[in-house]
1. Can we say Tyr457 is modelled with pLDDT of 95 or more and outside any loop (DSSP other than H, G, I, E, B)?
2. Just one of the numbered conditions (1) at pLDDT below 95; (2) not in a strand (DSSP E or B) is not true of Met401; which one?
3. Just to verify a result, which residue in the stretch 163-201, among those that are small (Gly, Ala, Ser) and in contact (Cβ under 8 Å) with a residue 40 or more places away in the chain, is nearest to Leu42 (Cα to Cα)?
4. Can you spot a residue in the stretch 316-323 that is touching a Pro at 6+ places or on another chain (Cβ under 7 Å), surrounded by fewer than 18 Cβ atoms within 10 Å (Cβ to Cβ) and not in a strand (DSSP E or B)?
5. Restricting to the stretch 413-434, name every residue that is at pLDDT 95 or above and within 20 Å of Thr354 (Cα to Cα).
6. Going by what's in this entry, would Thr427 be described as outside the structural domain of Asp562 (by TED's automatic domain parsing), touching a residue at least 60 places away in the same chain (Cβ under 8 Å) and surrounded by 14 or more Cβ atoms within 10 Å (Cβ to Cβ)?
7. Confirm whether Leu609 is outside any helix (DSSP H, G or I), closer than 26 Å to Ile542 by Cβ and either out of contact with any Cys (no Cβ under 7 Å at 6 or more places or on another chain) or among the polar types (S, T, N, Q) (or both).
8. On the basis of being under 28 Å from Pro262 (Cα atoms) and either surrounded by fewer than 18 Cβ atoms within 10 Å (Cβ to Cβ) or assigned by TED's automatic domain parsing to the domain that holds Leu213 (or both), does Lys361 make the cut?
Amino acid sequence: MPVIMGTAGHIDHGKTTLIKALTGIDCDRLAEEKKRGITIELGFAFMDLPGGTRLGVIDVPGHERFVKNMVAGAAGIDFVTLVIAADEGVMPQTREHLDICTLLGVETGVVALTKCDMVDEDWLAMVTEDVRGVLAGTFLADAPIFPVSSHTGAGLPELRVALSELADTFAPKRRSDLARLPIDRVFTLRGHGTVVTGTLIAGSFAVGDDVRLFPTDKRSKIRSLQSHGETVEVSPAGRRTAVNLAGLEVEDIERGEVLALPGTLFPDTVWEVELLCLASAPRGIKHRTEVHLHHGTREILARVHLLDRDKLEPGETAVCQLRFPEPMAGVHGDRVVIRSGAPLRTMAGGRVLTPMARKLKRHTEETSALLAELAATTGTALVALQLRRAGTEGLGFARLMTLTDLESKALDKALASLCDKGGAALTDREGKEGRHYVHGDTVAALATSLAEFMAAYHKREPLKLGVSRSELASTWGKALSPKLFHLMVERLLRAGKLATEGDVIRLPDHKVSLASDQAKLRGILLAAYQKGGLTPPNIKDILEPLDLTFKEAQPVYKVLQDEGLIIKAQENMYFCAAAIKALIEKVQAYYAAGATDMGPAEFRELTGLSRKFLIALLEYLDKDKITVRVGDKRQLRKR
């Protein structure tokens, strides 16, 4: 597996000279670097180790003015070689670089005591003892210390063996999916065009891949790839990679942007981060303090929003929110470093928990409980937590990839497990961000809400059989996606908690309840229309003897319609539903006997109706899609 080693240490302690002695590659490529004799930008090299592993090397600047460049390089390393000059010992940037590596999650490495040819044995022993004391309690507490001289070559063979053993046994934690390359260089190569470089921290890139720049979402395609000076078809995670991009100019790209596959990152202006304020920090971090945030190869101003306290003291850890002036693209588990503004100094750092967060209220029990849960939760439980937080909006598979520590196969398994146990529900199989899910608690809450809505509706509209699906969607379901609305209705129908008649939805035990006078009117109306058949009485003739207006009787008419006993053919013209059914059968038999069309005359002969009812019924048959009008004739609609 590819491995990246990075250097760290104070300015002029011989980092670049040591790398040249080990690899034969001079990492200082800029004219200004050679003129001033100091490293300004990141340098890159590689070393072929005895075991056959090609070790990538990132050389970082040691000057305090270029710490931001150092952080950009250290963000992509697997282990560190801490370089300390034997003639000077531990210096300010030695300590700061060590802090930065700690905050970035580096867990192992070696120590190189350079310039050992410039001191005597007693001095070297004293410096070694001092270094061991400084490293106590750090991740390099037990690291081997190698006195070396890049000038004479002393100690270099032993250091090479140690690096080889470390590289061969080290198993870096990298995702095989979610390909990301934080960009640290952008330049033009004659004959090729725009090239970006960086450390591929996850996934892989292949020639021909469609890619995007985040957070800008600019589009491109990979023309070619190089790794350690060799042209390759595929570059895996852990490799220093140069990507030749199509369709973009140098000015279109900024250092700090992230190259990734389309639809895999979701930039946001609010992150939740588990933040450690260094015990060595000169002061704590107050709520709303503006800081310099380093993430990957990007530096940006951010405000620290402390949610459960007013100040994060040195040595304390807290989950807080970082808010940015523009969107940032991150993934759960990413590391960040925070430096103060004046003077510039590394103060804190930690890991990203939620790279797409909603603003939270401070000093509430609910927020405090959530923060504690976020810091302690991983795996399937984290999937469930993020789904619960998403509420009715839910989350797509691609977004869940960035919000959890799970790769795609593990996430599939986690979601399947949650769905089986009722902890999640699949709402859309082909969403914009892949399969879409909501939390099981959200489904339960929506089911309760829908049942309550229907109960209130029936109480408010006792004479209505129920509510149409479209009306239900535009009222109760107006804040839901169409897929989630459909899921909820169908779930309750299958569970017998809702019933449907045609397009009307109701509670299973709901029946239209009429007052005694309305029940009496229902009987009168039904009898009148059953008797009238296809020649029903005028509404006025029915209601005038009862001293009722149509407005007063209309609710009872609606009940009869909902019950499927009468049909409204035209305004103020109703027919007995059974008579209409018999008519439709007669019309279908007419066509089945060989007729191809039917005009008003044929319809009159078939039914014996007067023009008053004839035209209304012909138009109703068209509206009910039994027939279709062609000129003055009707043909049987082909279904």
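The values are calculated or read from the model by the stated rules, or taken from the named source; none is laboratory data. None of these values were measured; they are calculated from a predicted model. No Cβ is skipped: glycine too gets one built from the backbone with ideal geometry, and neighbour counts run over all protein chains shown.
1. So Tyr457 fails the test.
2. Result: Met401 fails condition (1) only.
3. Among them, the one singled out is Gly198.
4. no
5. Ala414, Leu415, Ala424
6. So Thr427 fits the description; yes.
7. yes
8. No: the conditions fail for Lys361.
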